[in-house]
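Visitor: Next up is a structure, given as C-alpha cells.
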Amino acid sequence: MTPDPQGAPHLAVTDGGLFSTLQDAGRFGYQRFGISGSGAMDPPAMRLANALVGNPPGTAIVEMTMTGLAFTVVADTCRIALAGAEMALTINGRPAEPLQAHDLARGDRVAIGRARTGMRACLAIAGGLDVAPVLGSISTHTRSGLGGLDGGPLRPGTVLPLRGGGAGPLLRQGRRHLAPAEGPLRVVLGPQADAFTPAGLATFLSATYTLSTRADRMGCQLEGPAIEHAAGFNIVSDGIANGSVQVPGHGRPIVLLADRQSTGGYPKIATVIGPDLGRLAQLRPGDTLSFTAIDAREAAEAARRAAAALEAAIAAMEPVVLGTAALSSERLLGLNLVSGVASAAHDPFCPHPPSHPS
C-alpha cells in the first residue's frame, strides 16, 4: 500500500454494529493466570475470510454479532472479504457478494447489515490491522478490557489502522464447496461425567435444548430439561476448555465458549468438539440443539475431516470474473437475460459494474 498523504491508512468506522470486536486465533498460555483465551467464535469463518484476501490463517479479523458495521476507506487501496453469518454487504450503496474479495479505493463506503441467517460474521482485511498485540494476541476480551484497540467493541469514530496488502487475483468461494453441518452437536463426555446419574446423562443426550437469551461470547445457557446430579453440584475448581458444558445446581447446561472464565467449580458433563464450535457460534437465541456423545478417537478423526474439508474449500477458491471477461455456462445461467440483453447488475460474478474499482 502506498503512503497515505492524509495520514496513516485506516478504516474510519461510522457504525460499530451491535457488538463488533477484533479477534484472531486467541491468546494462549495465560489461562493459568486467570486470563481467557478469547479468539474468533467461528474459526472456519475466520480462516475462509483470511484466505480470500491472502492473509495467514490466524490474522486478526473484525467479528460482528447479529449486525455488521459501516466504515469509510481512508487509504489508497484496501481489500476485504466477509464470511460466516449471511450479512448484507454493500459498497457505496450497491450490493456486493460475501465469500468474495473486494478491492476498495479511498472514500469507498462499506456497510454490513443485519444477519439474514447465522449469528456472527468475520470481516478480513488484506495485510491485517496495524494493532499491537497484548500478551501475544489482538483478540478483544471486553470483560477485562484486554486486547483490541481499547479493550472494547468498535464504536462510531473508531479508527482501524491498516498494514496494507492485497496483491494477486481477487478470489471467490462458491457456497457449493461448503457442506452444511447438520445433526446434534458432538461431545466427548467428561471430565466429570461421573458427577451425574445415569438418568441425568440420558437426559443430556436425548433432550432438545433451546439457546436462551443469556448467550454471548463467554458462553450460552440452555433452556430445557434439568440434568440430575449424582451428589451435589460443587467440585474443586479446575480448568475450563472452549466448549466445556457445565451443569450448575439448577440442572440446565451452560456451554462455555471463547471468552470463558479460566476455571470453574461446577461439574462438566461433556465438551463440545472443536469442529462443532463454529456451528454453536452461529446459533441465535431461540434456536434448538441437541447433543450426541462420541469418544476421543472419533473426535480426533472428526477434527481431521473438518480440517481437510476446510482446506479443500480454500483450494477450490477461484478468481473473480469481472465485467464480461468470461462467458462460462455457470455465469450465463446466473444472468438476467431480457430480450437477449445480459444485465451485469444481476451478475453474481460481477457485483459491481465494470467501472467500479473491484
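Visitor: Residues to consider are Ala70, Ala75, Ala88, Ala111; find the one that is aliphatic (A, V, I, L, M), within 29 Å of Asp276 (Cα to Cα) and not assigned by TED's automatic domain parsing to the domain that holds Leu277. Explain how you work it out, then say what you get.
Guide: Details: Ala70 fails: within 29 Å of Asp276 (Cα to Cα); Ala75 fails: within 29 Å of Asp276 (Cα to Cα); Ala111 fails: within 29 Å of Asp276 (Cα to Cα).
Unique residue meeting the criteria: Ala88.
Visitor: Specify the residue that is farthest from Glu97 (Cα to Cα); the eligible residues are those in the stretch 1-52 that are of a type in the set (Asp, Glu) and modelled with pLDDT of 95 or more.
Guide: Asp24
Visitor: Okay, next question. Inside the stretch 217-270, can you point out the residues that are in contact with a helix residue (DSSP H, G or I) (Cβ under 9 Å, 6 or more places away or on another chain), surrounded by fewer than 18 Cβ atoms within 10 Å (Cβ to Cβ) and not hydrophobic (A, V, I, L, M, F, W, C)?
Guide: Selection gives Pro225, Glu228, Gly232, Gly239, Gly251, Ser262, Thr263.
Visitor: Of the conditions (1) surrounded by fewer than 20 Cβ atoms within 10 Å (Cβ to Cβ); (2) of a type in the set (D, E, K, R); (3) in a loop (DSSP other than H, G, I, E, B), Arg27 fails just one. Which one is it?
Guide: Condition not satisfied by Arg27: (1).
The values are calculated or read from the model by the stated rules, or taken from the named source; none is laboratory data. These numbers were taken from a predicted model, which means no experiment stands behind them. Counting neighbours? That spans all protein chains shown, and the Cβs are built from the backbone with ideal geometry, glycine included.
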